[in-house]
Amino acid sequence: GKTMVKPPDQLDLSEAELKEEFTRILTANNPHAPQNIVRYSFKERSYKQISSVDQLAIHFVLEGNLLHKDSDEARRQRARDGIPEDGAEDAGDTEEGAGEERPDSLEISLGKKERKLTNQFNFSERASQTMNNPMRERECQTEPPPRGKFSATANQWEIYDAYVEERRKQEKVKEKQKVLSSKKEEDKGKKKLQLVENQSDDITKVAKVAKIIERMVTQNTFDDIAQDFKYFEDASDEFRDQEGTLLPLWKFQHDKAKRLSVTALCWNQKYKDLFAVGLGSYEFTRQGQGMLLFYSLKNATFPEYIFSTMSGVMCLDIHKQLSYLVAVGFYDGCVAIYNLKEQGPQPVYRSTARSGKHTDPVWQVKWQKDDTDNNHNFFSVSSDGRVVSWTLVKVLGGTLRLSLDLYLKPFLSCGTSLDFHKQIDYLFLVGTEEGKIHKCSKSYSSQFLETYVAHNMAVDAVKWNHFHPKVFMSCSSDWTVKIWDHTIKSPVFTFDLNAAVGDVAWSPYSATVFAAVTTDGKVHVFDLHINKYEAICQQAVVAKKTKLTHIEFNPAYPIIIVGDDRGYVTSLKLSPNLRKKPKEKKGQELPKGPEVEVAKMEKLLSLLREPETVPQD
Amino acid sequence: MFCVKAEVEETLKRIQSQKGVQAIIIVNAEGIPVKTTLDNSSTVQYAGLIHQLVMKARSTVRDIDPQNDLTFLRVRSKKNEIMIAPDKDYFLIVIQNPTE
């Protein structure tokens, strides 16, 4: 039968149960795969369940032995077997081979293999390793050469300095070659000197800068005076009608000169701020030592040069061109020449009794132009009645000697002052103790050209005018200052100053301005162009009871220096009224120069020549 | 001018005795103070600083004209004035207060 047979152990289910639907899902899960594999996670330090478990079930594995022809393994195999890579290459090779002979093609194919042919029957490779020499390191360190750092800049002036140094060396070599044989001994002596110099104290090298610093410091200290000197102009002069004033500037004094009087003053022509002061004494009873000082306006506290002398200095003169030569006349009748360039407290030359020194105080010395042999010479006048010319003669030995040349036979009276004409070389004036003035010439040594009866007492100073060739001035202790025309025997102007006049001086900038100092401590400044009868300035510049002895105008600046009997030198600035130049007329150009000055003076003189009488004070 | 030691010493003494001078320093070419009237630390400071200034100033002057050279240098400040005079081997510094 084909009837359904029920097995006996078949489950009996009800109809409802039979119709129940049972869902069966087909998944790809592997029923044998574990579901909860747990692995230890070192990161979280705990066991963690793996999220996905591999569901792959492998039923059968068979490994094959086929290689893809492009893979690495396949290529390696081909290279091993020597089979060409591409079919295309193969074709090309065979073409080549066909073009050549057979043995060659064999070689070519052989060459391509590039494999070492080894005899498989009788080949054995033998390798051995040799001993490697042990390596040893050997080091040696030398002492490094001494190093110094050098740095320099290449500036324009460094290059210049190098060239100058080079040039000097070359010149030295040349000199040495010239004086080699004859001066060997001298060189040795010089070498010794040089050694000594190097060993001398370092402080001496600072001398020059110390001087500069001193001047700077002094300038600061006396700043207001320096400013006044340069820039101050007294404005009140405009209101003062025609009078002027003197502004005191620096005062020069030296400790060692306190008991001495200023006996001579002289400005240096070349360095217009340098002046010389001679110190001595006019008193017969108070004779002692003297001094010669040089001051510069740049340093009022200390002299630039100091010379001490045995006898009082009575007069001095600085050479116009060679401003380092100073001629000095002394109370004991000597004359001396100092050379400022030489170091040493002694004069370069000094006259002695043998060389004809004066027997009485020398009152005035004046340098002259060099004579025909280019020797320097100067004149001196003294109370012993002689006017003497001294010449510096260079003798073979190299030293200087004064030679004597008497110009005037001794005249009876004693000379007290001397001045040479500014333009006419041979003409000079001598003032005497009796009050006479003699006009003399160098060419006539025995006679005077003219004699003027000038004063009642000794003539203290005679001065030619700087501009006008005929005018000169004289002063005396008889309280008067007189102005002369040397062609006229009587004075053109006379001024009474109420006190003994120590000195007069013409101004270097105007023919009509002059100044005088008196023993009552006053300075009188006159300008004949403005006022013919009176001084336009009378001012006491020193303390009472101090006598003023000398006065000098500065050649460049508007200042004067006055010396007194206490050894002080005071500098004063002239106010504008005292330095007046004639006013310009509108539309006309003012002619400048000495001719104007001469013309001014001439005009004054001509006014006086017409009337017979001389204007009295 | 006598370059004798005594003369130079005297000059320096006179400078020191001037109104308002506070100090004098002598410095050699390498910038080392040789002689001073000021205390050590200030001296060294002044010497070092001023040395450079002087070199610069001198270089400036000579660069413009190599035949020219620096004569002196003044540095004026509110409180005082520093004056420097250079030489080939040395330079001298003076500090002054002129309004004292």
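Sort through B:ARG62, B:ARG74 and tell me the only one that's facing chain A (nearest Cβ under 9 Å), within 20 Å of A:GLU158 (Cα to Cα) and among the basic types (Lys, Arg).
Matching residue, one of B:ARG62, B:ARG74: B:ARG62.
Considering A:PHE378, A:PHE302, A:PHE294, which residue is within 14 Å of chain B (Cβ to nearest Cβ) and under 26 Å from A:ASP460 (Cα atoms)?
Matching residue, one of A:PHE378, A:PHE302, A:PHE294: A:PHE294.
Please list, ordered by first then second residue, the pairs with beta carbon atoms under 7 Å, 6 or more apart or interchain, first in region A:324-335 and touching a residue at least 60 places away in the same chain (Cβ under 8 Å), second among the basic types (Lys, Arg) and buried (at least 22 other Cβ atoms within 10 Å of the Cβ).
That search, which allows pairs on different chains as well, returns A:VAL335/A:LYS357.
Output the number of the condition that B:LYS79 fails; it satisfies all remaining conditions of (1) over 19 Å from A:ALA210 (Cα atoms); (2) assigned to a helix (DSSP H, G or I); (3) away from chain A (no Cβ under 13 Å).
The one condition B:LYS79 does not meet is (2).
Looking at B:ILE95, B:ILE15, B:ILE25, which one is at the interface with chain A (Cβ under 9 Å from one of its Cβ atoms), within 15 Å of the chain's Cα centre (by Cα), outside any loop (DSSP other than H, G, I, E, B) and surrounded by 15 or more Cβ atoms within 10 Å (Cβ to Cβ)?
B:ILE15
Among (1) in contact (Cβ under 8 Å) with a residue 60 or more places away in the chain; (2) in a loop (DSSP other than H, G, I, E, B), which single condition is A:PRO347 missing?
(1)
Among all residue pairs at least 6 apart or on different chains, which show Cβ distances below 8 Å where the first residue, located in region A:47-73, is exposed (fewer than 10 other Cβ atoms within 10 Å of the Cβ) and the second is not aliphatic (A, V, I, L, M)?
If the second residue must be not aliphatic (A, V, I, L, M), the pairs left are A:TYR47/A:ARG39; A:TYR47/A:TYR40; A:TYR47/A:SER41; A:LEU56/A:ASN30.
Which of the residues that make up region A:225-261 are in a loop (DSSP other than H, G, I, E, B), among the hydrophobic types (A, V, I, L, M, F, W, C) and over 22 Å from A:SER296 (Cα atoms)?
A:PHE239
Could you tell me how many of the residues in region A:471-505 are assigned to a loop (DSSP other than H, G, I, E, B), free of Cβ contacts under 8 Å to residues at least 60 places away in the same chain, touching a strand residue (DSSP E or B) at 6+ places or on another chain (Cβ under 7 Å) and over 21 Å from A:LEU578 (Cβ atoms)?
5
Can you tell me which condition A:GLY431 does not meet? The list is (1) closer than 20 Å to A:THR518 by Cα; (2) more than 52 Å from the chain's Cα centre (by Cα); (3) buried (at least 23 other Cβ atoms within 10 Å of the Cβ), and all the others hold.
A:GLY431 satisfies every listed condition except (2).
Only the coordinates and a few stated rules stand behind these numbers; no lab work does. Please read all numbers here as calculations on a predicted model, not as lab measurements. Ideal geometry is used to build each Cβ from the backbone, glycine not excepted, and the neighbour counts take in all protein chains shown.
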